[in-house]
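Take this structure first; my questions come after.
Laboratory data are not the source of any read-out in this text; all were calculated from the coordinates shown. Everything numeric in this text was worked out from a predicted model, so none of it was measured. Every residue, glycine among them, receives a Cβ derived from its backbone with ideal geometry; neighbour counts consider all protein chains shown.
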Protein chains: 2
Amino acid sequence: MGRKGEENRQRIVDAANTLIYRKGFTATSFADIAETCGMPKGNFYFYFRTKEDLLDAVVKDRMKRMAVHLDKIYQDFPDPRLRLHRIVNAPLLDRHEVVQFGCPIGTLSAELGKQSKTGINAITSMFTVLLLSIRHCLEGMGLNHDEAERQARHVLTSLQGAANLSHAFKDGNWLEAEIQSLHEWIDAQ
Amino acid sequence: MGRKGEENRQRIVDAANTLIYRKGFTATSFADIAETCGMPKGNFYFYFRTKEDLLDAVVKDRMKRMAVHLDKIYQDFPDPRLRLHRIVNAPLLDRHEVVQFGCPIGTLSAELGKQSKTGINAITSMFTVLLLSIRHCLEGMGLNHDEAERQARHVLTSLQGAANLSHAFKDGNWLEAEIQSLHEWIDAQ
DNA sequence: GTCTATACCTTGATAGAC
DNA sequence: GTCTATCAAGGTATAGAC
């Protein structure tokens, strides 16, 4: 596939990514995606064999973007405590979108987890990467392995719950309050 | 509508309730529901004008069941601390289902919140009822109004996050560990 | 590689016999 | 009230011209 082909493929993935986030996977149709990226839907089958294949590509793309984001934090913040502050603060950077459409990882995994779609393993691995990053920071701050794992799970749980309730109530204060608590807790460690 | 009619209506609501929980609202079709409750789908339109009307009935039914459940806890446990223990423990009673299909309130509100379905307000009110119950317990335990609200939100956030991650990872330990922490926290208040 | 046209199925919803 | 038959619309996926 040439350069032009790669570009088109990426345009499809980007449009699908946005729409799946905003409407959900089942509720997103090829017609929607075609309209958003300005391509006839017949073209999709040149790049992806099925709708699920497109979903896999979208999840891989999200995974890649998250890895880039985490890498940047790792480079910019060598200190594990400051690093952790940045990681838990990330949802607030997209506060408005989280209120409107929920957590991009959480809402998709919730939908795919009900059915037994293949994409569920991939999206869950995004949670795993986040968990490992958080645990690594906590270990760097002096917590032993078991305690770091325990607390990292608690941090991820809080973020996930706060994103969900912010979305349900359409109120960013849930997210803000919970992340504020996390910042204070980090400084107390 | 006579007794027989009420029965049939309830059978439809029950089947829809189960399927919407297991597959999601969009992914649940009238054909699915008809097969589950053993009625031709043509009948549904005698009881409900649209699929959204049926959704509203399902949410109202869930709301009613939760109210009954909470009432029972209120009668059986006059002490606010014991009461709160029971409330936060509730998800563990359906542990297996939560792992398979997620939180019945959280996953549905996540789906409906993305679209602007009318049912979103009703399902969110289930969170509100839970929040008020938790806050009421905390006030009964001596916390002042603001602090009780703050902590009640934190409790609900933890439960919601734990249910989501249990579902995503298909691992009930997330739920168990978080609820265990909540029990310990309650006893420390 | 890209596009149009369309096959084929399932969806929510309706009509009308009984 | 209950059922069968069917509708129009929209879904994924395919065929084939260019």
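Taking R0 as 56 Å, what's the FRET efficiency between A:VAL68 and B:LYS60 from their Cβ-Cβ distance, rounded to 0.05?
That gives a FRET efficiency of 0.80.
Hey, what did chain A get for relative contact order, percent, Cα under 8 Å, at least 6 apart?
23 percent
By per-residue mean of other Cβ atoms within 10 Å, what is the highest-first order of A:147-154, A:40-47?
Highest-to-lowest ranking by the protection proxy: A:147-154, A:40-47.
Please say if the stretch A:147-189 is rounded, prolate or oblate, where rounded means a/c under 1.5 for a ≥ b ≥ c the square roots of the C-alpha gyration tensor eigenvalues, and otherwise the choice is prolate for a/b larger than b/c and oblate otherwise?
oblate
Mind ranking B:178-184, A:164-170 by how tightly packed they are, going by the mean number of other C-beta atoms within 10 angstrom, highest first?
Ranked by mean Cβ neighbours within 10 Å, highest first: A:164-170, B:178-184.
Quick one: what are the phi-derived ³J(HN,Hα) couplings along the stretch B:126-135, Karplus 6.51/-1.76/1.60 with θ = phi - 60°, whole Hz, x for glycine and proline?
5, 4, 4, 4, 4, 4, 5, 4, 5, 4
Label-point separation (nm) for A:ASN43 and B:GLU52, each offset 7 Å from Cα along Cα-to-Cβ?
Each label point is offset 7 Å from its Cα along the Cβ direction, giving 3.4 nm.
Residue by residue through A:165-174, how many Cβ atoms from other chains fall within 10 Å of the Cβ on average?
The mean count of partner-chain Cβ atoms within 10 Å per residue comes to 5.
Rank B:HIS96, A:LEU82, B:ALA148 by how far each Cα sits towards the positive end of the charge dipole of the protein assembly as shown (+1 on Lys, Arg Cβ; -1 on Asp, Glu Cβ) and give me just the farthest.
B:HIS96
While we're on this one: Using a 7 Å offset from the Cα along the Cα-to-Cβ direction at both A:GLU139 and B:GLN189, what is the distance between the two label points in nm, to one decimal?
The modelled label-to-label distance comes out at 3.5 nm.
Please compare each pair in A:LYS72/B:LYS114; A:LYS41/B:LYS170; A:LYS23/A:LYS117; B:LYS23/B:LYS114; B:LYS64/B:LYS170 to a cut-off of 24 Å on the Cα-Cα distance and tell me which ones are over it.
Flagged as over cut-off: A:LYS72/B:LYS114; A:LYS41/B:LYS170; B:LYS64/B:LYS170.
In Å, what Kirkwood hydrodynamic radius results for the stretch B:1-48 from the alpha-carbon pair distances?
Hydrodynamic radius (Kirkwood, Cα pairs) of the stretch B:1-48 is 10.8 Å.
How far, in whole Å, is the nearest Cβ of chain A from the axis relating it by rotation to chain B, and which residue carries it?
Spelled out as residue then distance in Å, it is A:GLY161, 1.
Follow-up. Suppose every K and R has +1 on its Cβ and every D and E has -1 on its Cβ; what is the size of the dipole of the stretch B:62-188 about the Cα centre, in Debye to the nearest 20? Please list the in-between numbers first.
Working: 14 positive and 15 negative charges, 107 e Å.
Computed about the Cα centre, the dipole is about 520 debye.
Determine ³J(HN,Hα), in whole Hz, for all residues of the stretch B:151-163 in sequence, where each value follows from phi through the Karplus function 6.51 cos²θ - 1.76 cosθ + 1.60 and θ = phi - 60°; x replaces Gly and Pro.
Using θ = phi - 60°, the values come out as 6, 4, 4, 5, 4, 4, 4, 4, 4, 5, x, 5, 4 Hz.
Just to confirm the number: angle between the C-alpha axis of helix A:51-76 and the first principal axis of chain A, 0 to 90 degrees, nearest 10?
Value to nearest ten degrees: 40.
Calculate the mean, over all residues of peptide A:175-188, of how many other protein chain Cβ atoms lie within 10 angstrom of the residue's Cβ.
Mean partner shielding for this stretch: 1.
For the modelled label position 7 Å from the Cα of A:ASP171 along Cα-to-Cβ, which residues of the stretch B:121-153 have backbone nitrogen atoms closer than 15 Å?
Counting backbone N atoms under 15 Å from the label point, the list is B:121-136, B:146-153.
I would also like to ask the following. Anyone know which of A:ASP32, A:ASP56, A:ASP146 comes out most mobile in the 10 Å Cα GNM of chain A?
Among A:ASP32, A:ASP56, A:ASP146, the largest mean-square fluctuation in the Gaussian network model of chain A belongs to A:ASP146.
Work out, step by step, the length gained on full extension between B:LEU92 and B:THR36: first 0.36 nm times the residue separation, then minus their alpha carbon distance; give nm to one decimal.
17.5 nm
Can you check how the C-alpha radius of gyration of chain B compares to 2.2 N^0.38 Å, as a plain ratio?
It is 1.12.
Another question, if that's okay. Starting at the first residue of the stretch A:16-33, write each ³J(HN,Hα) from the Karplus equation 6.51 cos²θ - 1.76 cosθ + 1.60 with θ = phi - 60°, in whole Hz, x for Gly and Pro.
4, 4, 4, 5, 5, 5, 7, 10, x, 5, 4, 7, 8, 9, 4, 4, 4, 4
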